[in-house]
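Scroll down for the structure; my scribbles are underneath it.
The values are calculated or read from the model by the stated rules, or taken from the named source; none is laboratory data. Not measured: the values here are computed from a predicted model. Glycine also receives a Cβ, built like all others from the backbone with ideal geometry; neighbour counts cover every protein chain displayed.
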Amino acid sequence: MVCWQTLPRCWQASLVLWASTAQAHLLNMTEAKILVTEANVAELTLQLDPSRYFPDRSAYYQASLRPEPLTDAELKNIVQQALAAIQLQLEDESGATEVRNDASLWRDWQLAFADASHADYLDPLKWPKVTLTARQQLPPASRALSVVFLPDFVFEEPISLTLQQAQQEFGKTRWLIAMQSSPRLNFSGSTTSAGATEEQSLAWQFYFTQGFKHILPWGVDHLLFVFALAFCRMRLKSLVSLLSVFTVAHCLTLVVSTYGVVRMPGAIVEPLIALSIAWAGFELIRHRPTGWLRFVWVFLFGLVHGLGFAGALSELGLPVDQTILALLLFNSGIEVGQLSVVLIGALLTWLFVRCKWNLDDIKTGLGLGITSLGLAWVLLRVLA
């Protein structure tokens, strides 16, 4: 039972969780691709959500109805700001670097709005994007390119950037934030072995880091599920067993989904992940010992979480020649992230015990918050 004296503490825990507006997968993230042709022309395709630059979403919809959007001074100014905030860092054979962030260097601008209804533009759960294309002639001596998105324009983050040569089938895709430099794209074919080794090392570090970030801090839903499991049972043996079952399950579907054996649309996976969070929160409220049925549910929900990880990994892209290594590094990052969450939970438990707080009351408060948040996410993701 939760006594009157500890009730505010429980509700405080619930309200903190409710106040979190973080989402595991941002539907309005910016997507950019730069294709470098054999003639050293950079071809840009940029998909972004510029709604914050309009008075309201209705004005954004009205702008989408214009047959020639770039003839509108306001829209043209938005495009200029966006292009000026894309900084190209060009390097020649001697190592000299030229920095470009001038909108006038981009030619052949084209702007297309999403073909969506007025209701879609007004819906806070949908983010119709615009697609901007442009071209820029690079200096003939340029041999490498990296990109930085400047904070002068608000690109919705994370920013998915793909750099690719026209003669290559696959490019490099990375998730960035403002002022973070992308990996370098060498488009001369004259990369030294030392440079290639350094670039490959950065690529492997990238997959490990992205795996970790899909738990902390981006994967709020995965984080809450693991956090709730850590609090369900304080005995180390039960905790290790539950996490092992979850790990085996999500590793299984991560691998088979990456190789195309099993695929499931995000419209199904995302609500099921949210449902798993609600279940984990409910288990906290029940205060029941770990039984065989809990292991079954953890395994099943682990399979679903693995599909979610696979979807995130597919957005990042995988090197064709070393898919297995990239997959292992991404998964290793996930496991380290999970271990970090468990250690945080253990530290909090130690603090609660040291402060002589009632752990059952704490678990009830957390359970209420996690269950409520999970059910809210189920509703939002189903409607979206």
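Listing for the model above:
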read-out: Only one of S160, S142, S117 that is surrounded by fewer than 14 Cβ atoms within 10 Å (Cβ to Cβ) and among the polar types (S, T, N, Q); value: S117
read-out: A274, sole failed condition from (1) more than 20 Å from I215 (Cα to Cα); (2) in contact with an Asp or Glu (Cβ under 9 Å, 6 or more places away or on another chain); value: (1)
read-out: Criterion: under 30 Å from L366 (Cα atoms), assigned to a helix (DSSP H, G or I) and modelled with pLDDT under 95 - qualifying residue of A63, A59, A13; value: A13
read-out: Pair list, Cβ < 7 Å and 6+ apart or interchain, from the stretch 362-384 residues that are assigned by TED's automatic domain parsing to the domain that holds T349 to residues that are of a type in the set (K, R) and part of a helix (DSSP H, G or I); value: G365/R9
read-out: Selection within the stretch 55-86 - surrounded by fewer than 13 Cβ atoms within 10 Å (Cβ to Cβ), hydroxyl-bearing (S, T, Y) and within 14 Å of Q110 (Cα to Cα); value: T71
read-out: Entirely in the stretch 75-185, the strands (runs of 3 or more DSSP E) that have 3 or more residues that are of a type in the set (V, I, T); value: 130-137
read-out: Checking K126 against (1) at pLDDT below 90; (2) closer than 18 Å to Q89 by Cα, the condition it does not meet; value: (2)
read-out: Selection status of R52, within 27 Å of the chain's Cα centre (by Cα), at pLDDT 85 or above, surrounded by 14 or more Cβ atoms within 10 Å (Cβ to Cβ) and assigned by TED's automatic domain parsing to the domain that holds W127; value: no
read-out: Residues of the stretch 218-241 classified as out of contact with any helix residue (DSSP H, G or I) (no Cβ under 7 Å at 6 or more places or on another chain), at pLDDT below 80 and surrounded by fewer than 21 Cβ atoms within 10 Å (Cβ to Cβ), total; value: 4
read-out: Inter-residue pairs, beta-carbon under 9 Å, first at negative phi and in the stretch 248-265, second assigned to a loop (DSSP other than H, G, I, E, B) and not hydroxyl-bearing (S, T, Y), 6+ apart; value: T253/V262; T253/M264; V255/V261; V256/V262; S257/R263; S257/M264; T258/L318
read-out: Any hit, the stretch 186-202, residues being outside any helix (DSSP H, G or I), within 30 Å of E91 (Cα to Cα) and modelled with pLDDT of 75 or more; value: yes
read-out: Residue check for Q180: surrounded by fewer than 20 Cβ atoms within 10 Å (Cβ to Cβ) and within 19 Å of W218 (Cβ to Cβ); value: yes
read-out: Residue satisfying all of: in the stretch 87-114; within 16 Å of A141 (Cβ to Cβ) and in contact with an Asp or Glu (Cβ under 9 Å, 6 or more places away or on another chain); surrounded by the fewest Cβ atoms within 10 Å (Cβ to Cβ) among these; value: T97
read-out: Residues that are in contact with a helix residue (DSSP H, G or I) (Cβ under 8 Å, 6 or more places away or on another chain) and under 23 Å from A178 (Cβ atoms), drawn from the stretch 46-73; value: L46, L48, P50, S51, Y53, F54, Y60
read-out: Residues of the stretch 354-384 satisfying the condition of being under 30 Å from D123 (Cα atoms) and β-branched (V, I, T); value: I370, T371, V378, V382
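Residue by residue, here is whether (1) more than 21 Å from S238 (Cβ to Cβ); (2) surrounded by fewer than 19 Cβ atoms within 10 Å (Cβ to Cβ); (3) of a type in the set (G, A, S); (4) modelled with pLDDT under 85 holds:
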residue: V320; (1), (2), (3), (4): yes, yes, no, yes
residue: G333; (1), (2), (3), (4): yes, no, yes, no
residue: T349; (1), (2), (3), (4): no, yes, no, yes
residue: D360; (1), (2), (3), (4): no, yes, no, yes
residue: T364; (1), (2), (3), (4): no, no, no, no
residue: W377; (1), (2), (3), (4): yes, no, no, no
